[in-house]
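Student: Got a structure for you, questions after.
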């Protein structure tokens, strides 16, 4: 997988028309490897080193591409040599205008990257430059066909949801949004852009603790709900990261308990029939109350090793956090800090109830799946793929379990089934 070639370069180049600027560090010979996929969402004030290590490890030693519309080469040295994860190269491409989105050099680099990181800045630059362009098309192809890992911080996180706040008319505060949820500043779009696994029905928000953005995020979800039957939100405090593995388990990185750092997973409460805002009109304060339980929110505390996690397959299971109910009455956000998990059987097909997986298990017990199960995958609570020994058809044994919690997925007739396994 490695080239024995001692090349370390830091190059800066610009195309003649100054459509983009490139900064390159590492091996100039492209390294083709199979990346491991996944997504990393980062809150905004600074990078969490362990989350960034996770991101780089998912690239499997390949080539890292940083895309941005402002700034310069600040990521190159950090990603290439400061985190202790070996990669072939790091290249930053700064888009100076929309014309860079059709440049053959830029498009070639996207096609060869094993990982793409979106820097902070102004998300409207990214959206206006890349939406409906070859850039977004090639990124989406890389995600679906080559399983590249993607991630972003601040504005780079904001663009990763299937529904997204565009900021095309500028930013908006929680107070302004709650008092007028149809303000011209509330620009939430579901127009096809980036197609990231597990984020199709998600609106992200960043810098959640400074300034407080909870209220405006709820307004974003209320707007997105007008175009969708199901909508969710993911938000990060400023020094928190959420890394989503290929099984849809979101791992939360931060520095709790030294600092009160959290990620939030928001859902329209599926236990409420016809859960729509009671008052959602221009120039009127939002009311979305539903008996103080309009939204279910899981608040997960980010730790250095990312052990807190949340299941994006059903939005009902989490570890290392607690449930809250959120609602809005006359433009005022209300938070109930002690609540129960929702029980709605979200995203579960009928076949999920036709068989049972023994749980919990002993460390030396066999796990037996239905005979027609395929595409079996197991990860531990840190999102690391785990070895297992296949004893006979669809009967297997975990090899040297090292943690208590594992996540198992498999397919039956192209439908994915998901189970949480506890090892005693």
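Student: Using the number of other C-beta atoms within 10 angstrom as an exposure proxy, rank 232, 417 with the fewest first. Before the final figure, lay out each step's value.
Tutor: Numbers: 232 26, 417 19.
Ascending number of Cβ neighbours within 10 Å: 417, 232.
Student: With springs only between Cα atoms under 10 Å apart, run a GNM on the chain and tell me which of 403, 166, 287 wobbles the most.
Tutor: Maximum among the listed residues: 403.
Student: May I pose another question? What's the exposure ranking of 86, 206, going from fewest to most Cβ atoms within 10 Å? Mind showing how you got there, number by number?
Tutor: Working: 86 14, 206 27.
Ordered by Cβ neighbours within 10 Å, fewest first: 86, 206.
Student: Still on this structure, please answer the following. Applying 1/(1 + (r/R0)^6) with R0 = 22 Å to the Cβ-Cβ distance of residue 169 and residue 18, what FRET efficiency is obtained, to the nearest 0.05? Please list the in-between numbers first.
Tutor: On the way: r = 28 Å, r/R0 = 1.25.
Given R0 = 22 Å and the Cβ-Cβ separation, E is 0.20.
Student: Moving on. Have a look at the DSSP beta bridges in the range 151-257 and tell me what percent are antiparallel, nearest 5. Can you show the working numbers first?
Tutor: Values: 7 of 11 bridges.
The answer is about 65 percent antiparallel.
Student: OK, next. Using the count of nearby Cβ atoms within 10 Å as a rough guide to exposure, how do 90, 272, 186, 219 rank from fewest to most? Walk me through the intermediate numbers first.
Tutor: On the way: 90 25, 272 16, 186 19, 219 31.
Fewest to most other Cβ atoms nearby, the residues stand as 272, 186, 90, 219.
Student: In whole percent, what relative contact order does the chain give with Cα contacts below 8 Å and a gap of six or more residues?
Tutor: Working: 1051 pairs, mean separation 49.1, N = 424.
Averaging sequence separation for qualifying contacts and normalising by length gives 12 percent for the chain.
Student: Calculate for the chain the 222 nm mean residue ellipticity that helices alone would give, adding -39,500 (n - 2.57) per DSSP H run of length 4 or more and normalising by residue count, nearest 500 deg cm²/dmol.
Tutor: Values: 8 runs with 65 residues, N = 424.
That comes out to -4000 deg cm²/dmol.
Student: Taking the alpha-carbon centroid of each part, what is the distance from the range 47-80 to the range 262-309 in angstrom?
Tutor: 32 Å
Values in this text are rule-based calculations from the coordinates and carry no lab data. All values reported here derive from a predicted model rather than from experimental measurement. Backbone-built Cβ (ideal geometry, glycine too); neighbour counts: all protein chains shown.
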